[in-house]
Amino acid sequence: MSSTAIAIDDMHCAACIRKVRTAITELSFVQGFSVNPVRRQIQVEHALADGDFKLLETIEALGFHPRLTRQARADHRTERRTALKRLGIAGICMMQVMMATLALYFGDFWGMSAGAELMLRWALLAFCLPIAGYCAVPFYRSAIASLRQGINMDVPIALAIAVAFTVSVQHLFTGAPHLYFDRVAMFTFLLLGARAIDSSLKRTISTDDERFAAPPEQVHRWDGAGWVSAPISQVAPGDSLRIDEGAALPVDLTLTSSQAQLDKATLTGESQWVAHRAGDTLYAGTFNRGAQLTGIANSSATDSRASQITRLAEQVALSRSPLARMADRVAAVFVPVVLGLAGLTALGWALVGDRDPVSAGLAVLIVSCPCALALAVPAALSASMATLRRKGLLLGDSAVLEAAPEMTQLYFDKTGTLTHPRLQITHQVALGDWPIDRCRLLAQALQSHSTHPIASAFTTADRSDGAAFELTAVETVTGAGIRGHYAGREVRMGHAAFCSQNAAVEPSGAEGPDDAQGIFLSIDGRALARFRLGAAPRADFAETLERLQRQGVRMTLLSGDAEQPCRELAAPLELAYAAALSPEEKLRYIESHRGPDDKVMFVGDGINDGPAFAAADIAVATLETSDLVRARADATLLSARLLPLAALFEQSQRTRTVVRQNLAWAAGYNLIAIPCAMAGLMPPWLAAVGMASSSMLVLLNATRLLQPMPSGRV
Amino acid sequence: MEVLALLIPLSIVLVGVALACFNWAVDHDQFEDLDRQGLAPLESPEDPPL
């Protein structure tokens, strides 16, 4: 199955979207269809390997101008230029039209020679001609194209402009008093202005998703004799690459330099630079903040982690939530109703006769542009998803934003979720006459020969290797520990019995009941130090919990781990917990504690909690997990931080507020404005201002969701 | 008021000139980057252009 992304720049409104959706989904080979109205893009899943052409053809037959998205970027500039010209010319001409109109008004009051009046009337035509004949062309085109199948929102607009202009020209020739050139000019200018602001706001909302989209075009690759420049598309896994200071990584790679400093903010939202050592995997899209580094490519440019995330995010942006679909349907019914009302209004006033029927009908057409209604929901959802992405949480579906405020129960997995997935030294005591730091260095030297998971706790400790120990004859003893020789003396590390094989490990009763446990370090059978390992909680664990508690969510720790580590983690924060659960028991626990109205969110790494994952209303996966789990999750944490979880709750509340405000505004505005216009109480210029400002207001309100929370954190 | 007979056609011609100027400006990238020139005094002469 293949997937094609198509940009349709002249798909302005809900009716257009419905039209495209109907036509595409009717094709026999199409299996999936989703649309992003903010970006004016559709995404089609289909079975035909070379189906792109057929899709473009189908959309073109509807009267649109579709392009595959890569093409869309290149054409962007000319398109922006034309839009600017139309707007600028409309502005200049509109001012002249208003000036001449004003002169005619004054003439009505104070008298004006018939010759001057005639000249001004024809001057109006001259000033208005570029507006009606050039600036308003996009509206005509879109409206005519839409006549082939269903009507879109540009129909009332184009109709208003065309009718007003034609009637005015006719009056000009017959000498009838009413001219509507001022409405044509004002309406077109305001509408073009609103569209220009719309598209710049839409760009603001969607650029966040495109931050990864600019990897370096050229990379430095080792060709066996020296570094040569190569285009990024030629990089294949296994290539040796050099990344200069300050440059972005083009692909995922394994570090071969001894160390590196990376800025991963673009990928994970972490603002602190991260130190890496040789052998670590570095991800494309992050920046090298240390010295020049070298590494072996793990991926090509298109299958790096960053481009996978970008693709996933795009897919998500394209899927539509139930609320958004509802707005679509409302708008699709709206347009024909408005056209009918405008006709009725004009007819009514023509029969009653005490107001100008053309003017009243125009006001209805102009005032009721349903753009606000169509944009109200998608704009808010897109903005919020971009914000959460930036903070380190990738949503798999915008429905998560709508569901999150409903959540009543939040379950956490422990290991790998609330705690770091790797073991760390939690406790260390010197037992002999060596200082503990020296013991650590010896332990590090010894463990660096081991591949056991425990070893990483010692070797990743951030210490200088200044006094490195030279060890010989190092060997691991399965199930016991590791031993080697240092300056002719035998060094051992492992459990107590292994270390004290030759001589007794001095027990010291003062340390508590667990003394015999832990990992011992001994030299010639004499104990030097004891270490205890554990999983350290994530740094922002406590703060996250506190902020979630403030949101009124009940939280419970569900762990497969033993009672004691769970208690140690949960008790200080008064977090409820259930320990030693199997995956099935976790599921049973969730189900048995679920009330009829409870909504459950589960956060875990997907290891040992598959059933719980499936049962949760929202499943959130952590960063260190398999792709399979990530694909099943509704959301993924992009960094080692938990705070984005709190951000999800806070952001979804704000989103809900903004969506409601937007819908209420759009509906309320139309309910008041349309009757006013029908009653002939609304002059067309006011109608134009009202229409343009209502859709701008909706978008501006949505951009509030791009800004940081009032608390200013995360 | 006979002067209006001259002024009104003249204003139409002037607007035509204004439109032509605007058209030229858009075609010659005058509106492509409105921020850079404002920052130009802060650039040191050795720096490559922003």
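The values are calculated or read from the model by the stated rules, or taken from the named source; none is laboratory data. Everything numeric here is computed off the predicted structure, so don't read it as measured data. As a convention, Cβ positions derive from the backbone with ideal geometry for all residues, glycine included, and neighbour counts pool all protein chains shown.
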Exercise. Would the stretch A:117-130 turn up any residue that is under 18 Å from residue A:191 (Cα atoms) and either more than 10 Å from chain B (Cβ to nearest Cβ) or part of a loop (DSSP other than H, G, I, E, B) (or both)?
Worked result: yes
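Criterion first (modelled with pLDDT of 70 or more, more than 10 Å from chain A (Cβ to nearest Cβ), part of a helix (DSSP H, G or I) and within 30 Å of residue A:111 (Cα to Cα)) does residue B:6 satisfy it? So that I can check it myself, show each step before the final result.
Numbers: modelled with pLDDT of 70 or more: yes; more than 10 Å from chain A (Cβ to nearest Cβ): yes; part of a helix (DSSP H, G or I): yes; within 30 Å of residue A:111 (Cα to Cα): yes.
Judged against the criteria, residue B:6 is a match.
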For this session: Taking the options A:144, A:157, name whichever one is buried (at least 22 other Cβ atoms within 10 Å of the Cβ), away from chain B (no Cβ under 14 Å) and within 19 Å of residue A:12 (Cβ to Cβ).
Result: A:157
For this session: Kindly provide the set of residues from the stretch A:87-116 that are at the interface with another protein chain (Cβ under 10 Å from one of its Cβ atoms), in a helix (DSSP H, G or I) and not hydrophobic (A, V, I, L, M, F, W, C), ordered by number.
Result: A:88, A:91, A:96, A:115
For this session: Kindly indicate whether any position in the stretch A:71-85 is surrounded by 19 or more Cβ atoms within 10 Å (Cβ to Cβ), away from chain B (no Cβ under 14 Å), modelled with pLDDT under 85 and out of contact with any His (no Cβ under 7 Å at 6 or more places or on another chain).
Result: yes
Problem set entry | helices (runs of 4 or more DSSP H) contained entirely in the stretch A:299-400, each with at least 3 residues that are at pLDDT 80 or above and closer than 24 Å to residue A:41 by Cα | A:371-391
Problem set entry | For residue A:681: the one exception among (1) touching a helix residue (DSSP H, G or I) at 6+ places or on another chain (Cβ under 6 Å); (2) over 20 Å from residue A:157 (Cβ atoms) | (1)
For this session: Take the stretch A:408-433 and flag every residue that is hydrophobic (A, V, I, L, M, F, W, C), farther than 30 Å from residue A:649 by Cβ and either part of a strand (DSSP E or B) or touching a helix residue (DSSP H, G or I) at 6+ places or on another chain (Cβ under 8 Å) (or both).
Result: A:423, A:425, A:429, A:430
Exercise. If a residue has to be touching a residue at least 40 places away in the same chain (Cβ under 8 Å), closer than 24 Å to residue A:648 by Cα and not polar (S, T, N, Q) to count, how many in the stretch A:553-574 make the cut?
Worked result: 6
Exercise. How many residues, within the stretch B:9-33, are at pLDDT below 90 and more than 7 Å from chain A (Cβ to nearest Cβ)?
Worked result: 6
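Out of curiosity, is residue A:180 among the hydroxyl-bearing types (Ser, Thr, Tyr) and in contact with a Lys or Arg (Cβ under 8 Å, 6 or more places away or on another chain)?
On the way: among the hydroxyl-bearing types (Ser, Thr, Tyr): yes; in contact with a Lys or Arg (Cβ under 8 Å, 6 or more places away or on another chain): no.
Spelling it out, it is not the case that residue A:180 is among the hydroxyl-bearing types (Ser, Thr, Tyr) and in contact with a Lys or Arg (Cβ under 8 Å, 6 or more places away or on another chain).
Would you mention how many residues in the stretch A:258-282 are of a type outside the set (A, V, I, L, M, F, W, C), modelled with pLDDT of 80 or more and crowded, with 17+ Cβ neighbours inside 10 Å?
Step one: filter the stretch A:258-282 for residues of a type outside the set (A, V, I, L, M, F, W, C), giving A:258-259, A:261, A:263-264, A:266, A:268-272, A:276-277, A:279-281.
In the following step, the residues that additionally are modelled with pLDDT of 80 or more were identified as A:258-259, A:261, A:276-277, A:279-281.
This time we only want the ones that are crowded, with 17+ Cβ neighbours inside 10 Å, so: A:276.
Result for the stretch A:258-282: 1.
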